[in-house]
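Following: one structure in structure tokens, then a few remarks.
What follows draws every value from the coordinates through simple rules; no lab data is involved. Just so you know, these numbers come straight off a predicted model, no measurement behind them. Note: ideal-geometry Cβ built from the backbone for every residue, glycine included; neighbour counts use all protein chains shown.
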Amino acid sequence: MTKKILIVEDDKTLQIALKTKFQKDQELEILQAFNGKEGLEILAKEPINLILLDIVMPVMDGIEMLKRVRQEKKYDGVKIIILTNSSSFERSFQLANVEYLIKSNYGLDEILTKIKEALN
């Protein structure tokens, strides 16, 4: 069964790399947003299994999007992996039971592995 991944990331180069890597896996359908506002709009229209979420973005950052997602009971089953360059929030997100990955510490293969683990 196909799982839907929403990538919310403002870095277009990283978006393309992630989408290209993940599309090779036939079990994953990739949707993209470039800020938290776009991410929430997609989430309202599509059943999403996992959100790969950046923190620092224009319009609406990842922290605000995360707060809004977690406030809605209908999104309780949506898993979230934070993928960011900022390590300053790591402890807070660990306490909130959200996977937290520092971009510079993980390659695309490792990120895909983390996603697969979270979806199982």
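Quick notes
- Within-9-Å neighbourhood charge of GLU27 [Cβ basis; K, R +1; D, E -1]: 0
- Space enclosed by the convex hull of the alpha-carbon atoms of the chain, per residue, Å³: 97 Å³
- Cross-link reach list, aspartates and glutamates versus LYS21, counting only Cα pairs under 13 Å and skipping chain neighbours closer than eight places: GLU29, ASP109, GLU110
- Neighbour-limited loop hits for GluC sites (Glu not before Pro), the range 1-67 (at most 15 other Cβ within 10 Å; DSSP other than H, G, I, E, B): GLU27
- Helix-only CD estimate at 222 nm, as mean residue ellipticity for the chain, using -39500 (n - 2.57) per DSSP H run (n ≥ 4): -12000 deg cm²/dmol
- Greater than 18 Å apart at Cα, pairs in LYS67/LYS114; LYS67/LYS103; LYS45/LYS114; LYS45/LYS73; LYS3/LYS79; LYS79/LYS114: LYS67/LYS114; LYS67/LYS103; LYS45/LYS114
- Tensor-based shape of the range 4-45 (alpha-carbon gyration tensor, a/c under 1.5 rounded, otherwise prolate or oblate): oblate
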